[in-house]
Amino acid sequence: MFRFAIDPFSFFIGFATASVFWWIIARARPLWNEMRTGMKERSEVAQTRKSSSVEENHRRDTLRRAQGLHLAAPLFALDEIIQEPLLIAPPHHVIPGEPPFFEDVISQTLPYLPSWPEIASAYHAPTLTFAQALSGNMNIVVIGQPGVGKTVSLAHLASLAANRSEKLEGLKDVVPFLVHVADLKLPITDPKYALEPLIQAASEFTPLFDQGRLPHFFESTFKSGNALLLLDGFDELTADDQKVITDYLKVLIKSYPKARIVTTGAPEYLDGLIGLGFAPLSLMTWSHAQSKKFIEQWGGIWSRTIAMETWAQSGPEQVDPILLNVWLSADDGYLSPLELTLKTWGAYAGDSLGPNVLEAIATHIRRIAPANTPLAALETLSMQVLLSAQPIFDPRKAREWVKSFEVADETAAAESENAENPAEEKIEEPKLKKGKKNEKRIASPAFGLLGKMSASGLLISSPNNKMRFAHPVFAGYLAGHALSEYKAEDALLNQPDWSGKYLAMRYFAARGDASKLVQAMLEFSRLPMHRPLFAASRWLRDAPRNAPWRGKLFGTLAAILQTDGIPLGLRGQAMAAFVVSNDPNTSALFRQFTTSHSFELVQLAVLGAGAIHDAKAIETVEGVMSAPSLSARRAACMALVAIGTNEALESVAHTLLNGDEDIRRAAGEALANDPIEGHAMLRDGITLKDILLRRAVAYGLGRVHETWAVEALQKMQIEDDQWIVRNAATEVLDSLAHSESRAPHKVKAPSESPWLIEFAGKHGMGISPGIPATDILLLALKDEDPDIRLAALPYLKFTPNEGVVTQIYGAMYKDDPELREAAYNTLWEIGASGVKLPHPSQYGFG
């Protein structure tokens, strides 16, 4: 056993030293904590400064790119020419136990037609700004036909967000991320890197100094919920390519649930988006007043800038802008914003090939195509893009498609490049039979020609070695013309459904005999949606008047329009097809239908007559004002104001002065659609002694959306001596203050929905979290309470199995107009999301 001797002196010295050391540490601890906190704060400030610098640079770059995302970008910045994009307000979602929403007469009378916004535009249906639409905290898919302005709407939203515009209200601080699907490198291999495709796309436009900071900037912005992803081009893809995008969005939403997303879609093809919780909102087309404003805006900027250029001064004498504007405004053919832009550009530039819309498109293609490039080269490229179903294509393949149009030295260069890449696969070209018109040869491409097309603006190059046409309308137009020279109907019909296919068919029908296509489309068309029929109906406006297939198509549309017992949302599409066809015989058809004994048919026929401004229909429409159907009478007021002649407006004014309470309100709200005479009548009506007239005027002023109208309502709310007028003014002002209430909102989970929990309890059932509660919802769909039946539908669209679809069909064929329309809209969303809907007769309906 060992013993250690302790030296007392050494022990004392060690103890004293340790005590002094720990005393110093204890005294220095606050200082050390302060130093550590200061270092952390400085680090955070430095990181914030870096992130702030990256964010500001990103905002500036996004604004610069967004201002160039429109057809006339070579001439004007977007903000110089933009008409504010608006979205058609969807029907209200009913929630049992809550007060009913305010509905104006237009919403009550006009069927909801998201695939045909031209009718909503003609009657100034309620709309939402993008800020209002996003206030419901739902992701949105903006739907519309090609050329309606979906890309421009995203660019405008990106510009507002980049500038922190007050127009975005509560969203003014969001950070916009504007990207086209062609710029994304997908699929991703690991969900942990969900932001990587977006970071890579952004790095192409980001200064080199900022690129290393992008990952942290993206991660923090998306995680905080401050990101606004604007994804363009989804509507241009085939179904297979759309699935790649929706799979990616599913991962992105799961990883960053707070981020907001806005994308684009075709009304008929939203594969996968509905199931991810996207709300489809239709982009409103321009009204006649908006088109006129656009033309005048274009003329003013052109006269101040472009007309002063040397080339313009030395060219032919400029036509008076007033004459040009009158001529352009006279076209009442429901042109899309793209078509009106091209027509206006051609008129002012003096290079138009003709007055027709098709000639305006041809003019612009010639304008942006490389000099001395044969039209056959453009048509061949677009045709191969269509037949291969590759709207976003590989330029190496495209080189083979148009190689025969290259000059000799460029061909040699291409062959040299191919020799350096021997692994490149040989491209098989789709074979077509040649028609009787021409013996064209389908050729193959080279880099030089594609490079010229990209430099001229006809094609757009993407960072991941992909290319696409500058606009799908140009690709569809060229492909349709090329295919009209061949017996290509089978090649078109055998393709899976996608927007490019139907665009090519449309322009095929404008030039060739589309009888075989129409026959096939009619055979494919069936209840409940009749998608092929209405797709073919879009061809009527541009097709020759003597085309042999027009009569058969019009006959089928007329049959649907006259069929009682099916939703107005379906019959209304047939009415819209007649209106947009711009056929001269349409007016006589509508006048004939206004004498029908079916009041739903009368309602639709009257709305159709108003939409085409048929002055000859005034007398018959006035007769409808005394019909026993309130909906038909309301439609008559709306139609007469739309027709807009003095005689028509006087008839509505007479109704405002002498009608019963309901029809006076309809007259007042209808007059709000006429910004000159109608607004003047409403101004005068404020001061008249008739109580019911002032009440009707109050409802009319609520639809004027101008400062003077709001001020007049506020005055009526306080100063009018009749409570019925004050109440009307209060109701209208309250609806204006809560206009965002029509924005789509996320439905609560079944286990968190008070009305559904109460309903389940009454039936002795429970709802478990995380379970769809389909059985309870199907029971609710059959309930006697109409609000409960309507409230069940938004849930059922997320579980579209056969049993659910059968019950929704049953609801659609019930004798309940409101339920019928809501069920049809639910089926439309289910069908657009990619579910194959069987014919109702399979379940004993229709």
Around Ser255: net Lys/Arg minus Asp/Glu count, Cβ-Cβ under 15 Å: +2
Interchain or long-range residues, amide H under 5 Å from Ile143's placed H: Gly265, Leu281, Ser282, Leu283
P(r) weight above 28 Å for region 573-715, C-alpha pairs, percent: 18
Sequence-distant residues sharing a close amide H with Thr127 (under 5 Å, placed H): Ala89
Solvent-accessible area per residue, Å², over the chain with all protein chains present [probe radius 1.4 Å]: 46
Nearest-0.05 FRET efficiency for Ala239 and Thr563, computed from C-beta distance (R0 30 Å): 0.50
For Met521, net neighbour charge (Lys/Arg +1, Asp/Glu -1) across residues whose Cβ lies under 15 Å away: +2
10 Å binning of all Cα-Cα separations within region 237-328, expressed as whole percents from 0 upward: 12, 27, 15, 16, 21, 8, 0
FRET efficiency, Arg65 to Asp721 (Cβ-Cβ, R0 60 Å, nearest 0.05): 0.55
Accessible-area order (highest first, 1.4 angstrom probe) of the listed residues His70, His654: His654, His70
Where labels lie 7 Å past Cα in the beta-carbon direction, separation of Ser596 and Gln842 in nm: 2.8
Once exposed loop chymotrypsin sites (Phe, Trp or Tyr not before Pro) are cut out (DSSP; at most 11 other Cβ, 10 Å), longest piece of the chain: 5-846
Residue-by-residue Karplus 3J(HN,Hα) for region 241-249, coefficients 6.51, -1.76, 1.60, Hz, glycine and proline x: 5, 4, 5, 4, 5, 5, 4, 5, 4
Segment Leu208-Lys689, extension gain: residue separation times 0.36 nm, minus the distance between their alpha carbons: 166.0 nm
Rg/Rg_ref, region 723-846, where Rg_ref = 2.2 N^0.38 Å and atoms are Cα: 1.25
Equivalent ellipsoid semi-axes - Cα gyration tensor, region 48-121, angstrom: 39, 23, 9
Inter-site label distance for Ile676 and Asn646 at 7 Å from Cα along Cβ, in nm: 1.2
Under 14 Å, Cβ to Cβ, from Ile361 - net charge with Lys/Arg +1 and Asp/Glu -1: +1
Karplus-derived HN-Hα couplings along region 108-121 (A = 6.51, B = -1.76, C = 1.60, θ = phi - 60°), whole Hz, x at Gly and Pro: 6, 9, 8, x, 6, 10, x, 7, 10, x, 4, 6, 4, 5
Förster-model FRET efficiency, 56 Å R0, Leu323 and Ser751, C-beta, rounded to 0.05: 0.25
Cross-link table Lys150/Lys250; Lys689/Lys715; Lys746/Lys836, entries beyond 19 Å C-alpha to C-alpha: Lys150/Lys250; Lys746/Lys836
Carbon and sulfur %, accessible surface of the chain computed with the full protein complex present, 1.4 Å: 55
Per-residue ³J(HN,Hα) for region 497-507, Karplus 6.51 cos²θ - 1.76 cosθ + 1.60, θ = phi - 60°, Hz, x for Gly and Pro: 5, 7, 4, x, 4, 6, 5, 4, 4, 4, 7
Residue range of the chain that is longest and free of GluC sites (Glu not before Pro) which are both DSSP loop and sparsely packed (at most 10 other C-beta within 10 Å): 440-783
Options [x] 1.11; [y] 1.00; [z] 1.05 - which one matches Rg/Rh (Cα atoms, Kirkwood Rh) as calculated here: [z]
Ile676, Ile663, ranked by accessible area, largest first (probe 1.4 Å): Ile676, Ile663
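The values are calculated or read from the model by the stated rules, or taken from the named source; none is laboratory data. It should be emphasised that the depicted structure is a prediction, and the values quoted were computed from it without experimental measurement. Don't worry about glycine lacking a Cβ; one is built from the backbone with ideal geometry, like all the others, and counts go over all protein chains shown. These accessible areas exclude ligands, DNA and RNA; they are computed on the full protein's heavy atoms, side chains included. Shrake-Rupley method; radii C 1.70, N 1.55, O 1.52, S 1.80 Å.
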